[in-house]
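Take a look at the structure set out below.
Derivation of every value follows stated rules applied to the coordinates shown; laboratory data play no part. Just so it is clear, the structure is predicted and the values come from calculations on it, not from any experiment. Note that we place each Cβ from the backbone using ideal geometry, even for glycine, and neighbour counts take in every protein chain shown.
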Amino acid sequence: MIRVENVSKRYGSTLAVDSVSFEIAAGEIVGFLGPNGAGKSTLLKMMSTWLPPTSGKIEIAGHDVTKDPLLVRHQLGYLPEHNALYDGMRVDRYLSFIGKARGLSGSELADRIAWAVDKCSLQAVTKKLVRQCSKGYRQRIGVASALLHDPPVILLDEPTHGLDPLQVVAFRDFLLGLSEGRAIFFSSHILAEVVAISERILIINHGKLLCDAPLSALEESARVNGGDLERTVLEIVKSERRFGDAAPEEVLA
Amino acid sequence: MSALRPRKSGGVLLIAGRELSAYFDSSIAYVYTIAFVLLANSIFMNEFFLVGTVDMTAFFDLMPLLLAFFLPAITMRLWAEERRQRTIEVLLTLPIRTIQAVLGKYLAALGLFGLFLVGSLPIPIMLFALGDPDPGLIASGYLGLVLFGALFLAFGAFLSALSGDQIVAFVVSTVLGFALVLSGNDQVTAVIDGLAPELAIGTFLHESVSVLPHYDTFVRGAIDLSSLFFFGVLSALFLWANALVLDANRE
């Protein structure tokens with residue numbers, strides 16, 4: 001469903017993303033970890049068609065993001081990093097605008113808005129202006145708008161940012177319920193969130209993909225080395241060596 | 001899961017509708033329209049009662065300077081605001097083409113400008129009630145106004161995309177707008193020519209750069225094809241350049 005092949009992004013002399021490759025199949029929820037400025041958002045922006053890759057190839061649901069951006073966007077639900085929304089619009093009108101732009105209309109549009117409002121618990125704010133909503137509500141409005149058209153591929157950049165702990169738990173359950181038949185790729189810099197939702201984890205730092213492994217492999221590495229998962233991830237980030245290229249013992253050395 | 005439903009012209013209208021709502025959801029549309037209509041009508045009325053002729057030439061002569069100020073106020077926010085709020089990433093990752101978004105916003109700006117013109121209709125209504133003005137002259141004058149506005153709105157939208165800041169977009173659009181208008185004024189042309197007679201810069205600007213001579217053909221009652229072409233092609237070029245700038249400046 002998602003294929004990223006040797007993708008790089010260069011800004012002047014800075015290589016923000018360096019030859020990253022991975023694939024995500026339908027039904028997978030993959031967490032994307034990395035410190036601030038590691039290249040997470042840049043990669044997601046390229047996958048969303050917002051930024052063109054400097055080199056390499058990205059395919060979403062079989063469509064090339066550079067050659068067929070419109071077809072890609074139809075297949076994609078995307079929550080950008082800063083979750084920007086039109087502050088002056090009423091929440092229900094904002095969702096309607098996004099739904100129409102995605103080709104929904106009539107009763108189908110009304111049904112999908114009702115579904116998104118229910119799933120994201122937006123009932124209390126549908127008639128409010130976006131600017132009147134709290135940070136948690138704004139984040140949920142962003143998620144609702146990304147899922148409105150029932151996309152097979154979902155990209156979420158820091159989706160739990162701004163949510164309180166209860167909302168994070170509810171969001172995790174919601175995302176798990178969506179995973180059937182969909183490829184979900186979400187970024188975070190909080191390990192616990194990624195571990196709670198995904199069974200496969202990608203770690204990036206300085207633009208390089210340092211880990212693409214099942215959660216169980218990371219847990220096994222942590223167990224073998226007598227450390228916890230957090231420390232293992234931290235060492236992968238620090239070592240700047242790809243996880244699996246060295247023996248687990250060496251990773252912690 | 002969703003089937004493919006590429007949007008065509010509907011995308012333009014959808015963006016235009018959202019943009020018009022944004023104008024009216026804030027006080028922008030009301031303030032600009034009321035200010036423009038009051039100013040335009042009162043200046044004309046002053047002239048009308050002094051001169052006492054039943055025609056709109058004084059109104060059409062006044063409009064370029066007034067619009068050189070008011071139209072940048074409409075366009076300054078079009079793209080600069082999207083960048084400031086970061087909503088541009090949301091907008092341009094929807095399944096619509098960049099040029100559709102550009103045309104949608106342009107259409108909304110034209111709509112608000114149309115409201116300005118509707119606000120001036122009491123003038124011809126009054127003239128027809130008082131006397132027998134030349135309807136052809138009034139119609140061609142309004143056509144000139146529409147073309148003038150269409151060009152300045154396309155130009156302002158392009159500068160809003162280019163600058164990324166509302167104030168900068170407004171100041172640059174206004175200064176360049178005034179330059180494009182004033183360079184067509186005979187007195188200004190004479191002054192600039194007088195600075196360096198051998199170069200005849202004023203004449204060059206008057207004949208090759210200013211929009212005023214093209215606009216004046218309509219005000220004088222002639223529908224000149226070359227002027228129609230001038231406004232149409234330049235407007236289209238700025239809209240096309242607007243889309244190019246947006247695609248080139250993604251961050």
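Label positions at B:A222 and A:E240, each projected 7 Å from the Cα along the C-beta direction, are separated by 7.1 nm. The stretch between B:A129 and B:L117, if pulled fully straight at 0.36 nm per residue, gains 2.4 nm over its current Cα-Cα span. Estimated from helices alone, the mean residue ellipticity of the protein assembly as shown at 222 nm is -18500 deg cm²/dmol (sum of -39500 (n - 2.57) over DSSP H runs with n ≥ 4, per residue).
Among B:V211, B:V181, B:V90, the largest mean-square fluctuation in a Gaussian network model of chain B (Cα springs under 10 Å) belongs to B:V90. Counting only the Cα atoms, segment A:85-150 fills a convex hull of 69 Å³ per residue.
Is segment B:10-248 best put as rounded, prolate or oblate by its Cα gyration tensor, with a ≥ b ≥ c the root eigenvalues, rounded for a/c under 1.5, and otherwise prolate when a/b is larger than b/c, oblate when not? Cα axes put segment B:10-248 in the oblate bin. Any chance you could tell me what percent of the C-alpha pair distances in segment A:116-158 go past 13 Å? Counting pairs separated by more than 13 Å, the tail of P(r) holds 53 percent.
Ordered by the number of other Cβ atoms lying within 10 Å of each residue's own Cβ, fewest first, A:R73, A:R112 fall into the sequence A:R112, A:R73. The residues A:S134, B:S210, when put in order of fewest to most other Cβ atoms within 10 Å, stand as A:S134, B:S210.
With contacts taken as Cα pairs under 8 Å and at least 6 residues apart, chain B reaches a relative contact order of 27 percent.
Each residue, A:R231 and B:L39, gets one label point 7 Å from its Cα in the Cβ direction; the gap between the two is 7.0 nm. Calculate the FRET efficiency for B:L50 and B:F24 from the Cβ-Cβ distance with a Förster distance of 35 Å, rounded to the nearest 0.05. E between B:L50 and B:F24, to the nearest 0.05, is 0.45. For the protein assembly as shown, the alpha carbon positions stretch 97, 57, 34 Å along the principal axes, listed from largest to smallest. The lysines within cross-link reach of A:K127, meaning a Cα-to-Cα straight distance under 26 Å and a gap of 8 or more places when in the same chain, are A:K100, A:K119, A:K135, B:K105. Taking every residue in A:77-84 and counting other chain Cβ atoms within 10 Å of its Cβ, the average works out to 4. Shown here are the Rg and Dmax of the Cα trace of segment B:17-111, at 17.5, 57 Å. Within the listed set B:F155, B:F218, B:F49, the Gaussian network model of chain B (springs between alpha-carbon atoms below 10 Å) gives the highest mean-square fluctuation for B:F49. Label-to-label distance for B:L244 and A:E180 is 5.1 nm, based on points extended 7 Å past Cα in the beta-carbon direction.
Considering only DSSP beta bridges with both partners in chain A, what is the antiparallel share in %, to the nearest 5? Roughly 50 percent of the DSSP beta bridges within chain A come out antiparallel. Let me know the Kirkwood hydrodynamic radius for chain A, please, with Cα pairs as the basis and the value in Å to one decimal. Hydrodynamic radius (Kirkwood, Cα pairs) of chain A is 18.8 Å.
Counted by neighbouring Cβ atoms within 10 Å, the residues B:S173, A:S21, B:S140, B:S27 run from fewest to most as B:S27, A:S21, B:S140, B:S173. How far is helix B:98-118 tilted, in degrees, relative to the longest principal axis of the Cα atoms in chain B, given as a value from 0 to 90 rounded to the nearest 10? Relative to chain B, helix B:98-118 is tipped by roughly 40 degrees.
Here the contact order of segment B:54-137, divided by its residue count and restricted to Cα pairs under 8 Å and six or more residues apart, works out to 55 percent.
Averaged over the residues of peptide B:90-100, the number of Cβ atoms from other protein chains lying within 10 Å of each residue's Cβ is 6. Each other residue within a Cβ distance under 14 Å of B:F48 adds +1 if Lys or Arg and -1 if Asp or Glu, for a net charge of -3.
Close amide H pairs (under 5 Å, H built 1.01 Å from N) link A:L156 with A:L79, A:F185, A:F186, A:S187, residues at least 5 positions away or on another chain. For the residues B:A196, B:A35, B:A16, a GNM of chain B with alpha-carbon springs under 10 Å puts the largest fluctuation on B:A196.
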